[in-house]
1. Just one of Val103, Val86, Val160 is within 19 Å of the chain's Cα centre (by Cα) and not basic (Lys, Arg); which is it?
2. Only residues that are among the aliphatic types (A, V, I, L, M) and within 18 Å of Leu143 (Cβ to Cβ): list them for the range 226-272, please.
3. Would you pick out the residues in the range 118-131 that are in a helix (DSSP H, G or I) and surrounded by 16 or more Cβ atoms within 10 Å (Cβ to Cβ)?
4. Would you point out the residue of the range 230-243, among those that are assigned to a loop (DSSP other than H, G, I, E, B) and more than 11 Å from Val206 (Cβ to Cβ), that is modelled with the highest pLDDT?
5. Being surrounded by 15 or more Cβ atoms within 10 Å (Cβ to Cβ), closer than 30 Å to Thr139 by Cβ and at pLDDT below 95 narrows it down to one of Ala198, Ala183, so name that one.
6. Looking at Arg71, Arg8, Arg28, Arg18, which one is modelled with pLDDT of 85 or more and basic (Lys, Arg)?
Amino acid sequence: MENQQEIRKKISKPKWLRVKLPTGESYREVRKLVDEHKLHTICESGSCPNMGECWGEGTATFMILGNICTRSCGFCAVKTGRPNAVDLKEPERVAESVKLMKVKHAVLTSVDRDDLTDGGAQIWVETVESIRKMSPKTTLETLIPDFAGKWENLQRIIDVAPEIVSHNLETVRRLTKAVRIQAKYDRSLEVLKRLGDAGLRSKSGVMLGLGETFDEVVDTMDDLRSVGCQVITLGQYLQPTPKHLPVAEFIHPDVFAELEIIGKEKGFRHVESGPLVRSSYHAEKHVV
């Protein structure tokens, strides 16, 4: 089997992955606020290719519960280790950022906090409540972890009822163990099922280019629909550092377009499918 270095030498980024620099008056206004008030968004720290477009539409993504994860997924650039103590003032700070940036639709995500009894659920709840108090017209999407299958913690998210609750499968069943080392495919499906059963709009994301087959992606769509998932995002996996999983293939835009058609035929309410699509891409439209 070829080693990762040899694979990287053979695969170069195609032209369709070139990113345009963010522009527009709305983007510049938000950029100024972020700089002046030293606000933190995952849009910036994750170097999201869609930052300009999303900020222009009034959407931004915030990561809570610190920047050190208790898990070590093969695709993710977030640092793994022993997290810092929970910052009890974080919910209010995030809410203030949302208000200052005049965010119309806020996406909240977090690291996994398996070190906490509640998996961080209390901070999740307080952040949602703080945003609603300061910016009552702002809609919310929570991109949540699996809470290690402790369903009482998931229930706390369900009880505050964000407009959308997202949990990413990230990859197909066969590759889950390699891509999401401490996660379980069926446990993630159970998260989404419980969200749907509670009447919430559920959403999930899948990365392509990790070695999955076309049929496996279609099967994953079927699995998501079987648990009532209503929104799906499909995007190209990009290797964040040489230590992470290599890109097995750059998927052509035509394949993404075909998968979008299939997804809509299968009954997804919204399908975002393209090389540069990320979990929060067009997130404001998924509320409709």
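The values are calculated or read from the model by the stated rules, or taken from the named source; none is laboratory data. Here the structure is a predicted model, which means the values were calculated and not measured. Reconstructed Cβ throughout: ideal geometry from the backbone, glycine too, with neighbour counts over all protein chains shown.
1. Val103
2. Those that are among the aliphatic types (A, V, I, L, M) and within 18 Å of Leu143 (Cβ to Cβ): Val227, Val231, Ile232, Leu234, Val271.
3. Ala121, Gln122, Ile123, Trp124, Val125, Glu126, Thr127, Val128, Ser130, Ile131
4. Out of the qualifying residues, it is Gln230.
5. After applying the criteria, what remains is Ala183.
6. Arg71
Here's the yes/no breakdown for (1) touching a strand residue (DSSP E or B) at 6+ places or on another chain (Cβ under 9 Å); (2) more than 19 Å from Ala148 (Cα to Cα); (3) in a strand (DSSP E or B); (4) not hydrophobic (A, V, I, L, M, F, W, C):
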position	(1), (2), (3), (4)
Gly74	no, no, no, yes
Pro83	yes, no, no, yes
Leu88	no, yes, no, no
Ser97	yes, yes, no, yes
Lys102	no, yes, no, yes
Leu116	no, no, no, no
